[in-house]
Structures are given as C-alpha cells and as structure tokens.
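The values are calculated or read from the model by the stated rules, or taken from the named source; none is laboratory data. Since the model is a prediction, treat every value here as computed from it, not as a measurement. Note that we place each Cβ from the backbone using ideal geometry, even for glycine, and neighbour counts take in every protein chain shown. What goes into the accessible areas is simple: the full protein's heavy atoms, side chains included, and nothing from ligands, DNA or RNA. Shrake-Rupley method; radii C 1.70, N 1.55, O 1.52, S 1.80 Å.
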Amino acid sequence: KGKVNDLEIFLNEFKLLEDLQNEIEKLELLQEERMKDLEYTQSALGENPEKRLDELRIQMAGFKSTEERLHRLIKTELDKEKSVLAGEISRLRHQLDEHMTFKNQGFTNCPTCGQEINWKLIEDDLDNWRKDCALKIQRLRSLESEIETIQGQAKIAQNKWIKAEREVSEIETLMTRFKDQTRALERIHKQGFEIASRYEAESEILLKKL
C-alpha cells in the first residue's frame, strides 16, 4: 500500500509539472502574439509620435485661426457691404420704376407731393440713377464672387484642421494602445516568470524524492 501511495504522489507531481509546462508554453505563445501586436502598433506610430503630435496641434491652431479670420472678414465687412449695396440697389430701382410709371402715365405733377415735374431734369436724374444702379449691381456681383471665394478658402482651412484633428486622435489612440499592450506584456512576463520559478522548485522537490 505504501508503494502505491508513493506512485500516486509521483504521478500527481509529474502531472503538476506537465500542467505547469503547458502553462509556460501557452504564455510563450501569447507573449509572441502580443509582441507582434506591439511591434505593429509601434510601426504605425512611427519614430517620434510626440513630435508629430506637436506639429499637428500647431497646424490645427493655424488652420482654425485662418478659418475664423475668414469668417470674421465675411461677417464684419463683406456681408455688411453686401447688405448696404442691396438696399441702395433696391432704393434706386424703386425710384426708377416709380418715375418711369409717372412718365408713362403722363403725370405733370408728382402724385406724392404735388410738385410740378420737370421731365427734362428728371431724364438726367434717371440716367444718373441707371448708371449708379448698374455700378452698384456690378460691385454686388463682384462682392458675391469674393464672398464665395473666401467661403471656399474657409472650407479648405476647416477641412485641413479636421484632418489634422483626426490624425491627432489616431496617434493618441495608438499611443494609449501601445501603453496598454506594453503593460499586458509585462503582466504576461511576470506570470511566466512566476510559473517558471514554481516549475523549477517543483522539479527540484521531485528530483530529491527520486
């Protein structure tokens, strides 16, 4: 009976060593996989991700500043001028339409104030109003084209800072992943060291019993 018990103890200890060896091999495979993941992340990050982040953040600030400056130019200057021009064109057109209506209907006195209308003088005014209106319409069209161009430039600046922001986010995600993968590898290495130490200790105990 004593020999049977000894055999069972030896078998159990051999089984324990076998289990520990399997655990070590599994951890080695896992460590190899995690190392490949870490190398891939490191490759995606490039040589100096911190420097690249600084560059991108400077670019972002510049592009945002450009976009804001262009929108401010449109809002504080060009849109105001456009509004003034539109009002002046509307006023001139109303004057022209009103006086042409009076002329076509043969009015000799102004129906609004009752003053006698001197059509010779009015013709000069009509010519001046037409010229003034045409110049203002020309300026309005030029201004609308200018606003459209600046809006396009603002959109380009916006797209550039959005792209830079996206790249910053990607790099920060990769850096976080790299830290997590490094910590995971350290845990695997520590676990592997503990199991290997236990395997060595159990092996020594078994050798002494042989």
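Looking only at the stretch 103-123, count every residue that is part of a helix (DSSP H, G or I) and exposed (fewer than 11 other Cβ atoms within 10 Å of the Cβ) and tell me the total.
Counting residues in the stretch 103-123 that are part of a helix (DSSP H, G or I) and exposed (fewer than 11 other Cβ atoms within 10 Å of the Cβ) gives 3.
For the subset of the stretch 11-31 comprising residues that are open to solvent by 100 Å² or more (accessible area, probe 1.4 Å) and not basic (Lys, Arg), which member is nearest to residue 194 (Cα to Cα)?
Ranking the qualifying residues of the stretch 11-31, first place goes to 28.
Assess whether residue 188 counts as being open to solvent by less than 60 Å² (accessible area, probe 1.4 Å), farther than 30 Å from residue 75 by Cα and in a helix (DSSP H, G or I).
yes
Quick one: how many residues across the stretch 45-60 are closer than 29 Å to residue 155 by Cα and open to solvent by 60 Å² or more (accessible area, probe 1.4 Å)?
Going through the stretch 45-60 one residue at a time, the tally reaches 8.
Which of (1) in a helix (DSSP H, G or I); (2) open to solvent by 90 Å² or more (accessible area, probe 1.4 Å) is the odd one out, the single condition residue 63 does not satisfy?
(2)
Of everything in the stretch 175-185, what is touching a residue at least 12 places away in the same chain (Cβ under 8 Å) and surrounded by fewer than 16 Cβ atoms within 10 Å (Cβ to Cβ)? Give them in sequence order.
175, 182, 184
Picking from 88, 68, which residue would you name as being open to solvent by 90 Å² or more (accessible area, probe 1.4 Å) and closer than 30 Å to residue 149 by Cα?
Answer to the selection: 68.
So, residue 145, is that one assigned to a helix (DSSP H, G or I), at pLDDT 90 or above, open to solvent by 50 Å² or more (accessible area, probe 1.4 Å) and closer than 30 Å to residue 49 by Cβ or not?
no
Exactly one condition in (1) part of a helix (DSSP H, G or I); (2) out of contact with any Phe, Trp or Tyr (no Cβ under 6 Å at 6 or more places or on another chain); (3) modelled with pLDDT under 95 is false for residue 58; which is it?
It fails just one condition, (3).
Only one residue in 100, 35 is open to solvent by less than 80 Å² (accessible area, probe 1.4 Å), under 30 Å from residue 167 (Cα atoms), more than 27 Å from the chain's Cα centre (by Cα) and at pLDDT below 95. Which one?
After ruling out the rest, the residue left standing is 35.
Determine which member of the set 170, 202 is touching a residue at least 40 places away in the same chain (Cβ under 8 Å), in a helix (DSSP H, G or I) and either of a type in the set (A, V, I, L, M, F, W, C) or surrounded by 11 or more Cβ atoms within 10 Å (Cβ to Cβ) (or both).
202
Among all residue pairs at least 6 apart or on different chains, which show Cβ distances below 7 Å where the first residue, located in the stretch 123-145, is within 25 Å of residue 79 (Cβ to Cβ) and the second is outside any helix (DSSP H, G or I) and open to solvent by less than 60 Å² (accessible area, probe 1.4 Å)?
The qualifying pairs do not exist here.
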